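The values are calculated or read from the model by the stated rules, or taken from the named source; none is laboratory data. This structure is a prediction, so every number in the text was calculated from the model and none was measured. Positions of Cβ are generated from backbone atoms using ideal geometry, with glycine treated the same way; all protein chains shown enter the neighbour counts.
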Amino acid sequence: MKRISTIIIAILILSCSYSLNAQFSKDTKIVSAGLSLGLYGKYFHDYADVNLNRVLTPPINLQFEKGISESSGLGELSSMITAGVFIGFQKQRYYKDVNTNMVTYEVYKNYNYFWGGVVGTLHAVQMINDNTTIEIDAEKLDIYASVKCGVVFENYNSNYLNDPTDIDVQMGTINEKDTKTFFYIGPVLGARYYFTDKFAFFGEIGRSNLSYMTIGASMKL
């Protein structure tokens, strides 16, 4: 992750050093929907030691970005930047059937995650074309670095504490609940390939959407 952050900082520094042709305008609007792969850190729970089955939905996220005005004070750099908002959801369920005293019942632990925040994106294709011998078709390929800043809400509930054979679990009288809030800032590197004038596939790596990798589709409005 430190390497990704270093790359993003380097792109930002280089972008301020060159004269750029317009790539995005204040009228640019992009909507993206994606699925993330895998989970990291505190969002990954492992109950294999107590043999709980696991059912996970992939982190689902939606994002809206818009170009910024040339009067923003960023000068020619404004033609490379979009800013926007994002939201997401992910559900985790851990469970198993327990048989005791000739009674079969289910024990479970559920986690629901909701998140949202703001994103700023630097689109680097024009900078690459202007300052290297590489010629990338900006109408087809969008290479970018983003920084996401957001809040993650964790909602947890379970019908048992330490002992799944406890009589209170059998009687259904335990209802453990907890809510936590996490703040994060995540660097992201990504690319979009436009297979039509408006529609694109994208892939991202970085610390966002509870995961290190996200894939999905984008549309220009």
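Within the range 47-58, restricting attention to residues that are not hydrophobic (A, V, I, L, M, F, W, C) and not in a loop (DSSP other than H, G, I, E, B), which residue is nearest to Y212 (Cα to Cα)? Once the filter is applied, the top-ranked residue is R54. Have a look at K148, K96 and point out the one that is at pLDDT 85 or above and closer than 21 Å to A48 by Cα. Matching residue, one of K148, K96: K96. Checking S208, S218 one by one, the residue that is at pLDDT 95 or above, hydroxyl-bearing (S, T, Y) and out of contact with any Asp or Glu (no Cβ under 7 Å at 6 or more places or on another chain) is S218 and no other. Of all residues in the range 187-212, those satisfying the criterion of being among the charged types (D, E, K, R), part of a strand (DSSP E or B) and either within 10 Å of the chain's Cα centre (by Cα) or more than 20 Å from P59 (Cα to Cα) (or both) are E204, R207.
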